[in-house]
Amino acid sequence: MDFLLALGLLGGAFAAPAPCTPIDRGAFDMPLQWTPYGFATNTISVGTPAQSMDSFVDWTWIGQYVFTPRCHGDLSRTSECLQPDQMLFDQRESRTFVNQSHLYPDRHWNPNHFYFHDDLSIGFGSDMLRVGNTKSRVTLQMADMRFKLDSAYPFGGVYGLSPVFAGYDNASTQSPFYQTWRQGGYPEPITSFQYCYNSTFGNPVPDRSRCNDNDGLQTLGGLSPALTELGDTEAQEAILWYDNIFFPLVNDVDFEYDPPLYNYWATRVTKHLIGDEEQTLNKTYGGNPAAIWDHASYGRGLPMSVNSYHRLIHLTEAQPIILDEVDKPNNGNQSFASVDCSRVDSFPSVKFQFEGHDHVWEVIPQNYVDRISPANASEPVCVLNVRTLADGDFVIGNFGDTFAKDKVVLFDFEEMKVGLADMPGLN
């Protein structure tokens, strides 16, 4: 997720047309392909005529971001900021683009978790967004790069899926899914994720055929196919819903922004175990710690505290290993440890309980150990794919790919709830 965002608009403000009635009212199984940054989709276009906008799909971002030609505030200086092959949206080529600078002031963040300590600056405009067969007018975050990008990203935008908190009643802080649902573009305010990317150590994960031969699916407007196959009653019984919480510490420990952002999908963690051994939770920050739901690059790796990671290292007899950047299984700041590949089946599951239900969710060892092939090694090695945050006992963690490999993760934008279900057919 270490990449994007900034401003870009045409001068002059003019009245926005009425929202377009979406042309499709069914749920859409958005196909996802895995990239080193996380999951991306090639089913999005922007403007009229339509401009392809392959987009990074991000549960933790607040809108639809697009690269634009604007660089240092000038549409004619693109080459000073972007590589020639960078996919972008050129608002000058769309007859339906509307400048919204008169509605929403430009925004600037430094630091931020995209460019870290380089400026992140955005402005706002609206245009037609097509996702599959669904079309609606949405407010876009328009990039104005303030520095030179070293390379082109394999997408031209970010499709954000952050929740919309009460009081955020304007489109500048609303995800494109939420904006489209409010216009009637989707039958339900629910989006669902199912994973079909890779299998490790022979353990069952959803076959790619369950994701229509894609690495994953982000269903917009309803339940994922794995759940709808069960039938309505059984599907609803399979899902446990958890209240979304406001967790201000996220901006200090996890995603760093100035000015801060807080609207994340988050649930309280009430229990954390390794096998049957309960680990200590840090409750000094106003109550139980939080799970931040994030399947982008911050969500790669098993979320653990520093102390519980050390305990897992002890229990698995893991040994320190130095890895080149390209070989690291996730982008956390912790050190890494290798384990005996032949013993993975004997390792304990790591477990979590969330506020609202007694159910304990497991991450099996075959999902938290990665088999990698470092360039300086004669044979593959097995590494604990753990990502820690903060210090000491569990305070906060990013729950993403490693947690979700054998589960379905759902977000309800109307009820403000996070849903979890075991992937049918894997038990």
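Going 7 Å from the Cα of residue 201 in the Cα-to-Cβ direction, what parts of the stretch 384-427 have a backbone nitrogen less than 12 Å from that spot? Residues passing the 12 Å test: 384-385.
Distance from the alpha carbon centroid of the stretch 135-159 to that of the stretch 389-424 works out to 26 angstrom. Give me D for the stretch 278-427 in µm² s⁻¹, whole number, from Stokes-Einstein with Rh from the Kirkwood sum over alpha-carbon pairs, 25 °C and 0.890 mPa s. Diffusion coefficient, whole number: 151 µm²/s. Using only side-chain charges placed at the Cβ, +1 for Lys and Arg and -1 for Asp and Glu, the dipole size of the chain relative to its Cα centre rounds to 900 debye. Spin-label model, residue 285 to residue 375: label points 7 Å out along the Cα-to-beta-carbon direction sit 3.7 nm apart. Phi angles across the stretch 241-252 convert, under the Karplus curve 6.51 cos²θ - 1.76 cosθ + 1.60 with θ = phi - 60°, into 3J(HN,Hα) values of 9, 10, 5, 7, 10, 8, 9, x, 4, 4, 6, 9 Hz, Gly and Pro given as x.
In this structure, the amide hydrogen of residue 174, modeled 1.01 Å from its nitrogen in the peptide plane, lies closer than 5 angstrom to no residue at least 5 positions away or on a different chain.
Counted residue by residue at 0.36 nm each, then reduced by the alpha carbon distance between them, the extension gain from residue 152 to residue 319 reaches 56.4 nm. Restricting attention to the chain, close to 85% of DSSP beta bridges with both partner residues there are antiparallel. With both residues required to sit in the stretch 240-418, DSSP beta bridges show an antiparallel share near 75%. Round to a whole angstrom and tell me the spacing of the C-alpha centers of the stretch 276-351 and the stretch 79-94. Result: 40 Å between the Cα centres. If the segment from residue 278 to residue 326 were pulled out straight at 0.36 nm per residue, it would be longer than the present Cα-Cα gap by 13.9 nm.
The charge dipole of the stretch 15-144, taken about its Cα centre with unit charges on the Cβ atoms of Lys, Arg (+1), Asp and Glu (-1) only, comes to about 480 debye. Just checking the listed ones, 165, 193, 97: in the Gaussian network model of the chain with Cα springs under 10 Å, the one fluctuating most is 165.
Once a ≥ b ≥ c are taken as the square roots of the eigenvalues of the Cα gyration tensor of the stretch 28-187, is the result rounded (a/c under 1.5), prolate (a/b larger than b/c) or oblate (a/b not larger than b/c)? Cα axes put the stretch 28-187 in the rounded bin. Computed from Cα atoms, the angle from the helix 306-316 axis to the main principal axis of the chain rounds to 50 degrees.
Counting Lys and Arg as +1 and Asp and Glu as -1 over every other residue whose Cβ lies under 15 Å from the Cβ of residue 337, the net charge comes to +1. Label-to-label distance, residue 249 versus residue 110, with points set 7 angstrom from Cα along the beta-carbon direction: 3.0 nm.
The 3J(HN,Hα) values that the Karplus relation (6.51, -1.76, 1.60; θ = phi - 60°) gives for the stretch 406-420 are, in residue order, 10, 9, 10, 10, 10, 10, 10, 6, 8, 8, 6, 9, 9, x, 10 Hz. Gly and Pro appear as x.
Full extension of the chain segment joining residue 80 with residue 169 gains 28.4 nm, where the gain is 0.36 nm per residue of separation less the Cα-Cα distance.
Amide H contacts of residue 35 (H built 1.01 Å from N, in plane; Pro and chain starts excluded): 40 sit under 5 Å, all sequence-distant by 5 or more or on other chains.
Computed over the chain, the convex hull of the alpha-carbon atoms projects to a mean area of 20.2 nm².
Taken together, the values in this text are just the output of simple stated rules run on the coordinates, not laboratory data. What you see is a predicted model; the values in this text were computed from it and never measured. Every residue, glycine as well, gets a Cβ built from its backbone with ideal geometry; the counts of neighbours run over all protein chains shown.
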